[in-house]
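Some notes on the structure that comes next.
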Amino acid sequence: MNSPKISVIVPVYNVEKYLRRCIDSILAQTFTDFELLLIDDGSKDKSGEICDEYAKKDSRVRVFHKENGGVSSARNLGLDNASGEWVCFVDSDDMVKPEYFASFMMFPDCDLIVGGYREFGFSEKEYFISSKQIIKITNVLKEIEFNTDFVVMFFPWGKFFKNDIIKKNGITFNEKMRLAEDFVFIIDYSASIDKVFFVPFNNYLYRKEENEKKHLMNYDTFSIHVQSFLQSYNRLCISTNSKYEYIKTHICSLFFYNFLDFLRTCQKNKMKGECFSFAKHYGYSFIRSIMRGRKFFRLYLYLIFAMPSLGFYILKR
């Protein structure tokens, strides 16, 4: 049996409300040479049954049931079983237009193909690639702050990855992370390629929820995320012989703000311990490096970590 052109990986967890629409949109593709890997990550609703139902009706659908381990472990199981030349990811509450696969497969062969997307649900926005172009990965990552086309690089969906590059370099999703793990995957993949093909289509439909859940981080969780990110970031810098300060600042700031949100939930003594741990291991130089010139906000943060009692009062207001 010949391998399919595309392996589509869909992590599934408690999404019975949206799952049928997602799967139907994939099976309705005009380009039909693909396999659909549905990874049921220990769903407690009827999501697993829905997956099995589709597998009985369409031979292209393969279902894997596993204990709940998070979206990264689900995607990794999909990667372990993907046999296609290309790999793409679709979130189980999202959808794709009928020409989604065909619009990517019409372009010349390269290592990574990236398209735009449209938000629907709580907000209606479009992120449209301005024109088709092949760009060196180093230029993409350096200009991600300024070029609106490159904003789409932060997510694993809306892209097609070469399966042999993933397998050859042992690229996986970091299962220790609960935030920005998808972009870390892209960083690891980017360290193994030279050029990116941007295509002017936004055939991926991303569901935007009103209250997207936050991942609160205590000091230990914050440290795990920073260390995991910096390991991948440093490998990228070495492999490309370049530095990407905006990316480093952006991701570390994301972790840091979630840590501050956690501090708001702490009792006074607990907050003191968290602040002292942070100040001891990261110091104010870390705060200075991620604030990018916001002097008054830096002063406010200095007060929080230098005087946790005052910080507790400020954060609770």
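The values are calculated or read from the model by the stated rules, or taken from the named source; none is laboratory data. For clarity, every value in this text was computed on a predicted model and none was experimentally measured. Positions of Cβ are generated from backbone atoms using ideal geometry, with glycine treated the same way; all protein chains shown enter the neighbour counts. For the accessible areas, the whole protein counts, side chains as well, though only heavy atoms, and no ligand, DNA or RNA atoms are used. Shrake-Rupley method; radii C 1.70, N 1.55, O 1.52, S 1.80 Å.
Quote the FRET efficiency, to the nearest 0.05, computed for Asn234 versus Asp164 with a Förster distance R0 of 22 Å and r equal to the Cβ-Cβ distance.
Rounded to the nearest 0.05, the efficiency is 0.35.
Taking H placed 1.01 Å from N in the peptide plane, check which residues at least 5 places from Asn202 or on another chain put their amide H under 5 Å from its amide H.
Residues meeting the criterion, in which the H sits 1.01 Å from N, are Gly116.
On the Cα set of segment 142-231, report Rg and Dmax in Å, please.
Reported Rg and Dmax, both Å: 14.8, 42.
How long are the three semi-axes of the equivalent ellipsoid for segment 83-129, computed from the Cα gyration tensor as the root of 5 times each eigenvalue, in whole Å, largest first?
Result for segment 83-129: semi-axes of 22, 13, 9 Å.
Taking 0.36 nm per residue of sequence separation and subtracting the Cα-Cα distance, how much length would be gained by fully extending the chain between Ile135 and Thr30, in nm to one decimal?
So the chain would gain 35.0 nm between Ile135 and Thr30.
By accessible area of protein heavy atoms, probe 1.4 Å, what ranking do Met271, Met95 get, highest first?
Result of the area sort, largest leading: Met95, Met271.
Name the lysines eligible as straight-distance cross-link partners of Lys208: C-alpha to C-alpha under 18 Å, and not fewer than 8 places from it in the same chain.
Of all the lysines, those that pass the test against Lys208 - Cα under 18 Å, at least 8 places apart if same chain - are Lys17, Lys97, Lys125.
At 1.4 Å probe radius, can you tell me the per residue accessible area of segment 1-86 in Å²?
Ligands and nucleic acids excluded, the result is 47 Å² per residue.
At what distance in nm do the modelled label points of Ser289 and Asn241 sit from each other, each positioned 7 Å from its Cα along Cα→Cβ?
About 2.4 nm separates the two model spin labels.
Along Cα→Cβ, 7 Å out, is where each label goes; now give me the distance between the ones at His281 and Arg21 in nm to one decimal.
A separation of 4.1 nm, rounded to one decimal place.
Can you give the direction-averaged projected area of the convex hull of the alpha-carbon atoms in segment 258-317, in nm²?
Averaging across all directions leaves 3.8 nm² for the Cα convex hull.
How high is the relative contact order of the chain, given as a whole-number percent (alpha carbon pairs under 8 Å, six or more residues apart)?
17
Over the alpha-carbon set of segment 3-86, divide Rg by the Kirkwood Rh and report the Rg/Rh ratio to two decimals.
0.94
Quote the FRET efficiency, to the nearest 0.05, computed for Ile224 versus Glu119 with a Förster distance R0 of 35 Å and r equal to the Cβ-Cβ distance.
My answer for the efficiency is 0.70.
Per DSSP helix of 4 or more residues, -39500 (n - 2.57); summed, then divided by the residues of the chain. What does that give at 222 nm, rounded to the nearest 500?
-14000 deg cm²/dmol
Points 7 angstrom from Cα along the Cβ direction at His65 and Phe107: gap in nanometres?
Using points 7 Å along Cα→Cβ, the separation is 3.9 nm.
With respect to the cross-link table entries Lys195/Lys295; Lys5/Lys57; Lys66/Lys248; Lys142/Lys162; Lys5/Lys142, which display a Cα-Cα separation exceeding 27 Å?
Those over the limit are Lys195/Lys295; Lys66/Lys248; Lys5/Lys142.
Taking the Kirkwood radius as the inverse of the mean 1/r across Cα pairs, report the Rg/Rh of segment 207-293.
That ratio equals 1.02.
Which percent of the accessible heavy-atom area of the chain goes to carbon and sulfur, probe 1.4 angstrom?
Solvent-exposed carbon and sulfur of the chain make up 51 percent of the total.
When N counts the residues of the chain, how does its alpha-carbon radius of gyration compare numerically with 2.2 N^0.38 Å, as a ratio?
1.07
Would you please give the FRET efficiency between Asp261 and Asp45, computed as 1/(1 + (r/R0)^6) with r the Cβ-Cβ distance and R0 = 25 Å, to the nearest 0.05?
0.35
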